[in-house]
Amino acid sequence: MQNAINKKYTIDITSNIMFETIDNKLILKATDHELYIKSTLTPKSLNGNISCAINGELIINVMKSLNDSEIILEETEEFLYIKQNKSSFKLPIFEINDFPFNESYTKMEKINLDNDMLLQSIKKISHCCSDKDTLNIAMQGILLEIKNSSLNIVATDSKRLGFIRKEYNENIQPLSCIIPKKAINELLKLFNNSFEFYIKRFEEDNKIETIGIIHENLEFYSKLINANYPNYENLINTKPQVTPIQIEKDKLLRALNQMNSICTRVKVTFNPNEIILETLEGLNGASASNSIENIQTHITESKQTGLVNRHILECISNIKFDDIEIFIDDPNRPIFIVSKDFEEIIMPQII
């Protein structure tokens, strides 16, 4: 729960984790007004009630110091005691009356998704999300969109765009939501293939306000980015109508990793039977070149483009298949890297 507590303002109620016993269960809740996490535990025994909030950083540090054996919780008027074997901790407590946690999947709309497909798709394109300091807040998340019998998952930082499209035949109202990168990271850490996916729509304009991910005793909710996502379809429609260059992923990975040891950008030359990589701005004036030979590029004349090493490495490292396709026509226009249903568009660098 540590990433769902407010660490900036320790006097705010959201810097705490809420503990409450209800119907012989121990309920833990945490929120920073963006993420909401609820965990329901079944105690071995329960005598009396617990209803308090405790500083989140404090309780997490205490729990990390304990082993996996049984612990005892005891609440008094001012403190919560945590005991394990010969260890005892006395933590100050606060009232929970104003704790801002009202999310419940029982009031939300369930969306049927292929969980494994969703998680794998997010893993493939999450590197394309922009960092938090970007000017366009919409780029700080992943777009999840269902329309026209398709499920679209998109991420971009304006220099590259990852895109996955899957067939979707459920009869639901179209939806479009931008899931923040922070929520994406927590989703990938907390859940495997077993969960249920929920949404809460705004009443007035049918936009999505919150998503909920639920599995057994764990509930995870996230507010969404309320912004207009860039028109990614216009860029996708610019894919060159040419025969793609097919190459083994591992060959390109090895060549790029070697170049990455002395430079951050490369000039890539596509010849009829080979691909040549050369340094752009090598470290301390260093230079290198590497070639991938004996491949059919299906081109009749050489084409050159400049690329950021990290963009290519992050893209192909997340592809599970052995072969990739590269679409390139005009060296001054984006290149397309394609593998099955996954596409990534990468902007060129000036050579």
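The values are calculated or read from the model by the stated rules, or taken from the named source; none is laboratory data. Computed from a prediction, not measured in an experiment: that's the story for all the values here. Cβ atoms come from the backbone with ideal geometry, glycine included; neighbour counts cover every protein chain shown.
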Answer from Leu224, Leu135, Leu143 - the residue that is surrounded by 15 or more Cβ atoms within 10 Å (Cβ to Cβ), aliphatic (A, V, I, L, M) and over 23 Å from Ile319 (Cα atoms): Leu224
The one condition in (1) closer than 16 Å to Ile324 by Cβ; (2) in a strand (DSSP E or B) that Val266 fails to fulfil: (1)
Matching residues in segment 319-351 - criterion: being closer than 21 Å to Asp157 by Cα, modelled with pLDDT of 90 or more and either assigned to a loop (DSSP other than H, G, I, E, B) or charged (D, E, K, R) (or both): Ile319, Ile328, Arg333, Pro334, Glu343, Glu344, Met347, Pro348
Meets criteria (small (Gly, Ala, Ser) and surrounded by fewer than 11 Cβ atoms within 10 Å (Cβ to Cβ)) for Gly56: no
Strands (runs of 3 or more DSSP E) contained entirely in segment 183-251, each with at least 2 residues that are in the same structural domain as Phe336 (by TED's automatic domain parsing), modelled with pLDDT under 95 and not β-branched (Val, Ile, Thr): 245-248
Hey, Leu73 surrounded by 13 or more Cβ atoms within 10 Å (Cβ to Cβ), touching a residue at least 12 places away in the same chain (Cβ under 8 Å) and either within 21 Å of Ile184 (Cα to Cα) or outside the structural domain of His215 (by TED's automatic domain parsing) (or both) or not: yes
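So which residues in segment 315-337 are over 20 Å from Thr269 (Cβ atoms) and surrounded by fewer than 18 Cβ atoms within 10 Å (Cβ to Cβ), if there are any at all? Lay out the reasoning, then the answer.
Of segment 315-337, the ones over 20 Å from Thr269 (Cβ atoms) are 317-323.
Ser317, Lys320, Phe321, Asp322, Asp323 - these are the residues of segment 315-337 that are over 20 Å from Thr269 (Cβ atoms) and surrounded by fewer than 18 Cβ atoms within 10 Å (Cβ to Cβ).
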Segment 97-154, residues that are farther than 30 Å from Asp12 by Cα and among the charged types (D, E, K, R): Glu109, Lys110, Asp114, Asp116, Lys123, Lys124, Glu145, Lys147
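Scan segment 74-102 for residues that are of a type in the set (Lys, Arg) and either under 20 Å from Ile5 (Cβ atoms) or not in a loop (DSSP other than H, G, I, E, B) (or both) and jot them down. So that I can check it myself, show each step before the final result.
Of segment 74-102, the ones of a type in the set (Lys, Arg) are 83, 86, 90.
Those that are of a type in the set (Lys, Arg) and either under 20 Å from Ile5 (Cβ atoms) or not in a loop (DSSP other than H, G, I, E, B) (or both): Lys83, Lys90.
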Residue list for segment 17-27, filter: surrounded by fewer than 16 Cβ atoms within 10 Å (Cβ to Cβ) and outside any loop (DSSP other than H, G, I, E, B): Ile22, Lys25
